[in-house]
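Here, each number is a calculation from the coordinates, and none is a lab measurement. The structure presented is a predicted model; accordingly, all values stated were derived computationally and were not measured. All Cβ positions, even for glycine, are placed from backbone atoms using ideal geometry, and neighbour counts span all protein chains on display.
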Amino acid sequence: QVQLQQSGPGLVKPSQTLSLTCVISGDSVSSDSASWNWIRQSPSGGLEWLGRTYFRSEWSTDYAESVKSRITITPDTSKNQFSLHLNSVTPEDTAVYYCARFYLTYLGGSFDPWGQGTRVTVS
Amino acid sequence: IVLTQSPGTLSLSPGEEATLSCRASESVSSTYLAWYQQKPGQAPRLLIHGASTRANGIPDRFRGSGSGTDYTLSISGLEPEDFAVYYCQQYGGSPLFSFGPGTKVDLK
């Protein structure tokens with residue numbers, strides 16, 4: 001059973017960097033059939049995909065245009081985890097942040113499982 | 001690709017059937033259309049992937065269907081634990097991943 005455990009601060013000051021980590025159990029961050037993603041949910045409820053990292057003979061990342069200039073997602077194979085760094089945060093970055101595995105099978109692709117979520121307030 | 005869900009809120013009683021719609025601004029591969037359930041204070045939970053395949057442990061009262069730009073999640077015989085918010089999600093368009101705004105199924 002794959003599980004994701006998030007950690008990181010719940011309060012970040014404006015202009016600083018938001019950093020969260022997601023520890024993976026039951027799978028590998030180097031899996032060739034998964035990508036490792038960060039998603040946030042605004043106070044109004046909307047879900048926004050932020051970015052992903054994945055390994056297919058080499059490491060790759062993709063980021064949402066809305067945060068592309070401020071975001072870095074990095075894997076750590078030694079600890080089987082991946083991290084989110086979002087710099088120059090503003091109050092608009094206040095949200096619940098989730099890590100999630102996107103898993104591909106012949107039946108389809110989906111986010112499963114999800115981390116427990118971290119409520120981050122920028123203030 | 002923009003996903004639009006309707007209705008925004010569905011007020012029903014236990015035992016009734018819920019029909020939730022997800023419409024995409026462009027055609028989405030059914031392979032990459034998923035549905036999630038979210039309850040207050042919890043992370044979203046995968047219900048359906050590949051438009052119609054139930055995830056592990058999901059009861060058969062949940063049924064997904066559709067293709068192209070129109071997808072539907074049906075819940076037959078609503079149980080008390082089914083009152084929640086439901087999101088559809090696509091992969092492969094632009095942006096790479098996007099979610100619909102959600103449909104809240106609440107108690108009438």
Inset, instruction - Filter the GluC sites (Glu not before Pro) in the range B:11-87 down to the DSSP loop ones having no more than 14 other Cβ atoms within 10 Å, then list what survives. - result: B:GLU16, B:GLU17, B:GLU26
Inset, instruction - Rank B:TYR71, B:TYR32, B:TYR87 by mean-square fluctuation in a GNM of chain B with C-alpha springs under 10 angstrom and give only the top-ranked residue. - result: B:TYR32
Inset, instruction - Would you mind ranking B:LEU3, B:LEU107 by Cβ crowding within 10 Å, fewest neighbours first? - result: B:LEU107, B:LEU3
Inset, instruction - List the trypsin sites (Lys or Arg not before Pro) within the range A:1-69 that fall in a DSSP loop (any state other than H, G, I, E or B) and whose Cβ has at most 11 other Cβ atoms within 10 Å. - result: A:ARG56, A:LYS68
Inset, instruction - Return A:VAL2, A:VAL89 ranked ascending by Cβ neighbour count within 10 Å, so the fewest neighbours appear first. - result: A:VAL2, A:VAL89
Legend entry - Size of chain B as Cα extents on the principal axes (Å, biggest first): 37, 26, 25
Inset, instruction - Using only the alpha carbons, work out the radius of gyration and Dmax of chain A in angstrom. - result: 13.8, 44
Inset, instruction - Please grab the % of Cα pairs in the protein assembly as shown that end up more than 31 Å from each other. - result: 20 percent
Inset, instruction - Whole Å is fine, so just give me how far the alpha carbon centre of the range B:44-78 lies from that of the range A:77-123. - result: 24 Å
Legend entry - Reach of B:LYS39 by Cα under 12 Å, taken over aspartates and glutamates that are not fewer than 8 positions away in the same chain: B:GLU81, B:ASP82, B:ASP106
Inset, instruction - Please report the Cα spread of the range B:48-108 along all three principal axes, rounded to whole Å, starting with the longest. - result: 36, 22, 19
Inset, instruction - Among the aspartates and glutamates, select those whose C-alpha is under 16 Å from the C-alpha of A:LYS13, and discard any that sit fewer than 8 residues away in the same chain. - result: A:GLU92, A:ASP93
Legend entry - Karplus-derived 3J(HN,Hα), 6.51/-1.76/1.60, for each residue of the range A:53-64, Hz, glycine and proline x: 10, 7, 10, 9, 6, 8, 7, 9, 9, 9, 10, 5
